[in-house]
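The values are calculated or read from the model by the stated rules, or taken from the named source; none is laboratory data. Since this is a predicted model, take the numbers as computed values, not measurements. Backbone-built Cβ (ideal geometry, glycine too); neighbour counts: all protein chains shown.
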């Protein structure tokens with residue numbers, strides 16, 4: 001999961017976000033590298049978001065909703081708290097991109113291209 005998140009983030013930072021910045025600047029001519037990253041890239045990132053959501057559901061199930069048994073030590077408690085925090089942050093990230101950022105960028109792209 002860590003590797004997938006790192007690769008996903010690198011793709012967003014290197015390709016997607018520069019493309020969205022160009023759209024936001026209302027540039028009529030988009031660079032070649034960014035132009036190839038439009039709709040297909042959104043679909044790929046959304047598929048990765050879906051995969052991450054499935055992984056989070058499995059992690060919640062395996063950890064009994066990130067609960068620590070009575071006999072769990074402080075390390076175990078810290079681990080489950082950290083996993084719960086990761087879960088919340090990742091779900092927030094996915095929600096913001098899928099429901100806010102991507103639809104706005106698609107709409108802006110249709111106005112320009």
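Can you pull out the residues in the range 78-113 that are farther than 18 Å from residue 54 by Cα, part of a helix (DSSP H, G or I) and in contact (Cβ under 8 Å) with a residue 40 or more places away in the chain? Within the range 78-113, 101, 102, 105, 106, 108, 109, 112 qualify.
Yes/no per residue for (1) more than 12 Å from the chain's Cα centre (by Cα); (2) at pLDDT 95 or above:
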| position | (1), (2) |
| --- | --- |
| 26 | yes, no |
| 54 | yes, yes |
| 57 | yes, yes |
| 73 | yes, yes |
| 82 | yes, yes |
| 95 | no, yes |
| 98 | no, no |
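Of all residues in the range 33-50, at least one satisfies being at pLDDT below 90, surrounded by 13 or more Cβ atoms within 10 Å (Cβ to Cβ) and not in a helix (DSSP H, G or I).
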